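Novice: Handing you this structure, nothing more for now.
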Amino acid sequence: MMNRIFCNFRVKTQLLLVALCASAMFLSTNTVAAEEEHEEEIVQISAALAQELGIETELAGAGVINRNVLLYGRTMPDPQGISHVSARYPGMIVSMAPSLGDSVEEGEVIAVIEANTSLQTYDIKAPLSGIVVERHANLGELASGQSLLTIANYDNIWVDLTVFPGDSQQVRSGMSVTIRIDGRVAESAVRYINPSQGESPTVIARVPLENLDSVWTPGLLVEGLVHVESANVPVAVKNDALQLFEDNQVVFVLEGETYEPRMVTLGKSDPFLTEILSGLESGERYVVTNSYLIKADLEKEGVEHDH
């Protein structure tokens, strides 16, 4: 009888030890799996390689989120930057220096005319600096009041944005405007609102644009984002930083040479910035350029791990 009890006790003890060992092995396996999973969701990139890949970072901080009205329009020459040059007195054109497309300086002699009445020559000087965009006369021809050539200066141009009735109550003079086309961006403000010609229900928001580097030319079809309302937020990131990873919006946070996807809660946004309500603190460094490369690397590692 005592032997039977002892044997039962020994069997139960062995079963308990096996169960404890199995439990310990299960916990250990889960811990390793969790550690491996955590390691999979970070990417190590040296500073030199990050620079080579064009991965750029910024510190998260406060920003201004603008509510915008999107308008479309066209760049126009500044009327004050256009001059149609003609002869003061009728006569024969003795010389005309600039050709079509040539640059001229204000005060430069651009033509010499021999007056019909006195047969004496006099100079015609450029009234402004610019480019010869039209030429209507040549050497030996008669100048008799017609435009000889047209000089255009595009250092300052205008953008005429069409405002439809549904937006006309929101767009006002003085509002900030972002003008953009094909990656080119410029900042300005609505100078004044001009009624459209004819019976059109639209109005024109006229926006001056400084163009000293000659990036803009008349006749371009552009977009204008009119900032009708602004909100200051404590934390905002550039929109290019946001990536969809494992069905969550994330930004990649840099610590040392480690990039970690950080799930974030989004707030207000505009075409340039998005407010971060949670998940990222002010002062943390996040990826703003080429974050998709880090995402692609994580997704590749995840596929390899699944296989």
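Novice: 7 Å from Cα along Cα→Cβ at both Tyr89 and Ser129: what's the point-to-point distance in nm?
Specialist: 3.2 nm
Novice: Once the piece of chain linking Arg184 and Ile42 is laid out straight, how much longer is it, given 0.36 nm per residue of separation minus the C-alpha distance between them?
Specialist: Here the answer is 47.6 nm.
Novice: Another question about this same structure. Would you grab the residues whose amide H sits under 5 Å from the one on Leu128? Only those 5+ places off in sequence or on another chain, please, with H modelled 1.01 Å from N.
Specialist: The answer is Gly107.
Novice: In addition: From the phi of every residue in the stretch 114-127, what ³J(HN,Hα) in whole Hz does the Karplus formula 6.51 cos²θ - 1.76 cosθ + 1.60 yield, where θ is phi - 60° and glycine or proline is x?
Specialist: With the stated coefficients, the stretch 114-127 comes to 9, 5, 5, 6, 9, 6, 9, 9, 9, 8, 10, 10, 5, x Hz.
Novice: Here's another thing I want to ask about it. What are the ³J(HN,Hα) couplings of the stretch 218-230, residue after residue, when phi is run through the Karplus curve with 6.51, -1.76, 1.60 and θ = phi - 60°? Round to Hz, x for glycine and proline.
Specialist: x, x, 7, 8, 10, 9, x, 9, 8, 7, 8, 7, 10
Novice: Run the paramagnetic zone check for Gln80: 7 angstrom along Cα to Cβ, then residues of the stretch 208-241 with backbone nitrogen under 19 Å.
Specialist: Those under the cut-off are 208-214, 218.
Novice: Let me ask another. Can you compute the charge dipole magnitude of the stretch 71-183 about its Cα centre, using +1 on each Lys and Arg Cβ and -1 on each Asp and Glu Cβ, nothing else charged? Give it in debye, rounded to the nearest 20.
Specialist: Here the stretch 71-183 has a charge dipole of around 280 debye.
Novice: Assuming 0.36 nm per residue, please report the length gained on full extension of the stretch Thr258 to Glu281 beyond their Cα-Cα distance.
Specialist: 6.6 nm
Novice: Same structure again: To the nearest 0.05, what FRET efficiency results for Arg67 and Asp297 with a Förster distance of 30 Å applied to their C-beta separation?
Specialist: Computed FRET efficiency for Arg67 and Asp297 comes out at 0.25.
Novice: Then there is this: Residue by residue through the stretch 170-180, which ³J(HN,Hα) values in whole Hz follow from phi under the Karplus form 6.51 cos²θ - 1.76 cosθ + 1.60 (θ = phi - 60°), with glycine and proline marked x?
Specialist: Once rounded to whole Hz, the list reads 9, 8, 9, 4, x, 5, 5, 9, 9, 9, 8.
We did not get these values from a lab; they are worked out from the coordinates using the rules stated. What you are looking at is a predicted structure, and each value in this text was computed from that prediction instead of being measured. Positions of Cβ are backbone-derived with ideal geometry, glycine not excepted, and every protein chain shown enters the neighbour counts.
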